[in-house]
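Undergrad: Please see the structure below; I have some questions.
The values are calculated or read from the model by the stated rules, or taken from the named source; none is laboratory data. Keep in mind that what you see is a predicted model, and the values were worked out from it rather than measured. When we count neighbours, we look across all protein chains shown, and the Cβ atoms used for this are built from the backbone with ideal geometry, even at glycine.
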Amino acid sequence: MNYKLNILFFGTFTSPNFPFQYDSNAQCVWVISAINPNKVSMLHNLQSDSHCWLCHIGSSRGLCLPYPFKFDLEIGYDTLTIGDGGEVGDPKTVLQVLTGSFVPDLIVSMNSQMWLHLQTDESVGSIGFKVNYKEIEKESCGDPGTPLYGIREGDGFSNRDILRFECQFGFELIGEKSIVCQENNQWSANIPICICEYQMLFLMQHMLHCL
Ligand SMILES: [Ca+2]
């Protein structure tokens, strides 16, 4: 087993060979420990560019494409299991089992330690992932950010705090309008995304011509 231990209050690590294809039959383990035992570990920017949408304004058809994901595992076959504490593989401590390319904005432990286990099968790989981590205050879900072209109401990230979102004019909100920091230190959903509303832009231009 490939075993790595990170003891830092912030840092970055990647799956083997990132951004090239990871190996088949890989078993990799990371344990992250907050230096301050009164703090907890947070993973963030698992897919840092996924909220940046390329908007081709002026094309005949409205087209929005996400930038390439920074997280991709062969869906259903290769997994990254994330657990709370330092007991690697303990099923009672599992926080998330990630596969494919849809992942939470943030994953926060309840304790000062967090473990990660990458497991891949015998065939078909992908780019894997790049993960940032840092330590944050206890009973917090961490700052999930603000959607590009969006507006956020609320600036508390502690348990039971609520964040509300809306999009700038001309953009449509896709996802949840509000999220809550749950007692398990995880946000109830990812922050929404704001995509260009071409019909609205077209209508606006048309109205200007009519004035
Ligand atoms: Ca595979």
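Undergrad: Select from segment 16-41 the residues that are of a type outside the set (A, V, I, L, M), surrounded by fewer than 18 Cβ atoms within 10 Å (Cβ to Cβ) and part of a loop (DSSP other than H, G, I, E, B) and list them in ascending order.
TA: Pro16, Asn17, Phe18, Pro19, Phe20, Gln21, Asp23, Ser24, Asn25, Asn36, Pro37, Asn38
Undergrad: A further question on this structure: Just give me the residues in segment 91-132 being farther than 18 Å from Val31 by Cβ, surrounded by 20 or more Cβ atoms within 10 Å (Cβ to Cβ) and within 11 Å of the chain's Cα centre (by Cα), in sequence order.
TA: Those that are farther than 18 Å from Val31 by Cβ, surrounded by 20 or more Cβ atoms within 10 Å (Cβ to Cβ) and within 11 Å of the chain's Cα centre (by Cα): Val103, Asp105, Leu106.
Undergrad: Is it the case that some residue within segment 153-176 is within 22 Å of Val31 (Cα to Cα), in contact (Cβ under 8 Å) with a residue 24 or more places away in the chain and surrounded by 15 or more Cβ atoms within 10 Å (Cβ to Cβ)? Full working, then the answer.
TA: In the first step, residues of segment 153-176 are kept if they are within 22 Å of Val31 (Cα to Cα); the result is none.
Scanning segment 153-176 turns up no residue that is within 22 Å of Val31 (Cα to Cα), in contact (Cβ under 8 Å) with a residue 24 or more places away in the chain and surrounded by 15 or more Cβ atoms within 10 Å (Cβ to Cβ).
Undergrad: Exactly one condition in (1) away from the ligand (no atom under 16 Å from the Cβ); (2) within 17 Å of Leu118 (Cα to Cα); (3) at pLDDT 80 or above is false for Tyr3; which is it?
TA: Result: Tyr3 passes all but (3).
Undergrad: So in segment 75-101, with the set limited to residues that are β-branched (Val, Ile, Thr) and in a strand (DSSP E or B), which one is farthest from the ligand (Cβ to nearest atom)?
TA: My answer is Val94.
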